[in-house]
Amino acid sequence: MSLLDYFRTSKASSASLAKERLQILVAHERSSRNQPSYLPQLQKELLEVIRKYVNVEQDAISVNFEQNDTQETLELNIVLPEHQTKIS
Amino acid sequence: MARIIVVTSGKGGVGKTTTSAAIAMGLAKKGHKTAVIDFDVGLRNLDLIMGCERRVVYDFVNVINGEATLNQALIRDKTCNQLYILPASQTRDKDALSQEGVGKILDELKKDFKYIVCDSPAGIEKGAHLAMYFADDAFIVTNPEVSSVRDSDRMLGILSSKSRRAEQNDEPIKEYLLLTRYSPERVKLGEMLSVDDVQEILSLHLLGVIPESKSVLNASNSGTPVILDEKSDAGQAYADVIARYLGEDRPHRFIDEKKGLFGKLFGGK
């Protein structure tokens, strides 16, 4: 290793940071790209129904769609506020 | 059988028009009758890069509207008689292009030309959409830089879902990566994403790496596609791209840094 390489490696590389950020971002954007177009509407209507019974915030619900070779999974996550009776 | 190639990127300023001009000239110089179309209505620049800006009489939109025939609007290149340029309109707004109109012109060109190169505007609006819609092959022009890589990936999503081939369930568009403005010195210093990094993220077939080069600005200053500058690194890199696209197996060049005297003394290896 030459003297110059020593100074090169001692600095944290911004390229590796760029790569890391891109890999996360691109993976995320690709997964949301394949989501069915009805998801936002579904999320909105579900929220309306839930709000009839429980007073939850706008962002209390998340809808995730995942796809692999054999199956598609629709994951629904609702965060209920504290001090409130749970819906069974 | 004619092939339609779209040169696209999403992001602006990465080298789409430079690439369109270079590859159209490269294909034509190999003896294939080629047309290159500027889809950037309102902001045309391909005519300038090709050096035919003073010979524009009719444009793409005139032909779509039936105000001129295709033969009247096509400009024959001054150095290569196998190459024709169809300029974009400079005055109309971008809604002047219609899917039906573009489709008709491309069908007409396909009867006479081997390759039709569509120079896409930046963005994902109508002009960019129509440039890629009818494509058989896509050259994704990417700079080794975060926003360009991200936009390229977005463009890949659009190619695979919104193109005619996607809509008709045909064989998908063949996608190729062209990494431009590459600086091996900066990659070595860890300041720039490497070819391998970009390929790992986009997983595309690499058609070529075009090094950051003074010759690109020189070529645009004089209105001659950079591929005609056979002594320049960028010109040679584009010539390699054409050879590879046409099926030749050429090793990639311009990926490693040039070693100057300083590098030879201190660079190791």
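For this structure, a couple of remarks:
- Most fluctuating residue given options B:Ile158, B:Ile85, B:Ile210, as computed from a GNM of chain B linking Cα atoms under 10 Å: B:Ile158
- Look at the dipole of the range B:3-88 built from charges on Cβ: of B:Met25, B:Ile49, B:Gly12, the Cα furthest out on the positive end belongs to B:Met25.
- For chain B, a Gaussian network of Cα nodes joined below 10 Å ranks B:Asn65, B:Asn169, B:Asn143 by mean-square fluctuation, and the top entry is B:Asn169.
- Over the range A:18-74, the fraction of Cα-Cα pairs per 10 Å bin, rounded to whole percents and listed from the shortest bin up, is 18, 38, 30, 12, 2.
- Pairwise burial A:B, computed as accessible area of each alone minus the pair, summed, 1.4 Å, Å²: 1700 Å²
- Averaging the Cα positions of each part gives two centres, and for the range B:69-91 and the range B:1-45 these lie 12 Å apart.
- Sites A:Gln58 and A:Arg30 - FRET efficiency at Förster radius 30 Å, r taken between beta-carbons, to 0.05: 0.70
- R0 of 56 Å, Cβ-Cβ distance A:Asn77-B:Ser222: FRET efficiency to nearest 0.05: 0.40
- Set of lysines near B:Lys258 by C-alpha distance (under 21 Å), chain-local residues within fewer than 8 positions excluded: B:Lys188, B:Lys214, B:Lys231, B:Lys269
- Volume per residue that the Cα convex hull of chain B spans, once the total is divided by residue count, Å³: 126 Å³
- All other residues whose Cβ lies under 10 angstrom from that of B:Ala122 are scored, Lys and Arg at +1 and Asp and Glu at -1, for a net of -1.
- Rounded to the nearest 0.05, the FRET efficiency derived from the C-beta distance between B:Lys258 and B:Glu145 at R0 = 22 Å is 0.55.
- Converting the Cα gyration tensor eigenvalues of the protein assembly as shown into ellipsoid dimensions via √(5λ) gives semi-axes, longest first, of 41, 32, 16 Å.
- Remark: for residue pairs B:Lys111/B:Lys174; B:Lys30/B:Lys104; B:Lys33/B:Lys162, the C-alpha separation exceeds 25 Å in B:Lys30/B:Lys104; B:Lys33/B:Lys162.
The values are calculated or read from the model by the stated rules, or taken from the named source; none is laboratory data. Here the structure is a predicted model, which is why all the values come from computation and not from measurement. Here Cβ is always computed from backbone atoms with ideal geometry, including for glycine, and neighbour counts include all displayed protein chains. Just so you know, the surface numbers come from the protein's heavy atoms only, side chains and all, with ligands and any DNA or RNA stripped out. Shrake-Rupley method; radii C 1.70, N 1.55, O 1.52, S 1.80 Å.
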